[in-house]
Amino acid sequence: MKMNLTKFDVAERQLLQSIRLLFRDEDPVSIHTLSEAALQVLRDMASEFGTTSKLRDNDFIRPEKKKEWYRALVKNKNFFKHAEKDKTLILEFDPEVNNFSIIDAVSIYAHIKKQWVPETKAFVAWFCLKYPDLLKKDSDLSGIYHIIKESNSLIDRENKKQFSEMIEQLRLGIIVMDNITTTYGL
């Protein structure tokens, strides 16, 4: 059966699948490929919705260093997509970079969609627990972190399976949270 897809539909499917794969501890190369593809489409749409990439489109990098900064951010993505110049090159890939690719995509996605979906809500909760020292004290993510910590929840950031189960329970309506939809698309 044929599917009619918008660019947002494609990015949404790629992003949400990358999150599901991450929580199932599946192939980090596939996670990176999906999250970076989603991020690129979302970045291309971002300005129409008044947002930008927090990592790639920022003003805290000196102008003369922007190309170097961007090359570092897309090194893995380009290695996974192209081989015309570096057929024999070996890449040292750190799967932790996926966490930052996904959070960047989730930030744009949430701004465009104006709602959370189970995958993005679970990922942001996990990210806040995984990297609490990165969060500004007055940021939205810091607020989420404190809500999670104050709930005396038994959530273990190292147990990604819990987050995978949370997504499933949210999708099935077993867990209900405000401002979460299970509907795809805009």
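FYI, it's all coordinate maths here, none of it is from the lab. Note that the structure is predicted; figures quoted are calculated from it, not measured. We place every Cβ from the backbone using ideal geometry, glycine too, and count neighbours over all the protein chains shown.
When semi-axes √(5λ) of the Cα gyration tensor in Å is computed from the coordinates, the matching label among [x] 27, 20, 18; [y] 46, 18, 16; [z] 33, 18, 12 is [x]. Students often forget the sequence filter, so: which aspartates and glutamates lie under 16 Å Cα-Cα from Lys114 once same-chain residues fewer than 8 apart are removed? Result set, ordered by chain and number: Asp9, Glu12, Glu48, Asp104, Asp140, Asp178.
In this label model, Asn78 and Tyr184 are separated by 3.2 nm, measuring between points 7 Å along each Cα→Cβ vector. Taking other Cβ atoms within 10 Å as a rough exposure proxy, Thr52, Thr181 sort from fewest to most as Thr181, Thr52.
A crude spin-label estimate for the pair Glu165 and Thr88, with each label 7 Å from Cα along the Cβ direction, gives 5.0 nm. Measuring against 18 Å, Cα to Cα, the residue pairs Lys130/Lys161; Lys7/Lys113; Lys121/Lys161; Lys65/Lys137 contain Lys65/Lys137 as the ones spanning a longer distance.
Once the chain from Val176 to Asp57 is taken as fully extended at 0.36 nm per residue, the excess over their C-alpha distance is 39.4 nm.
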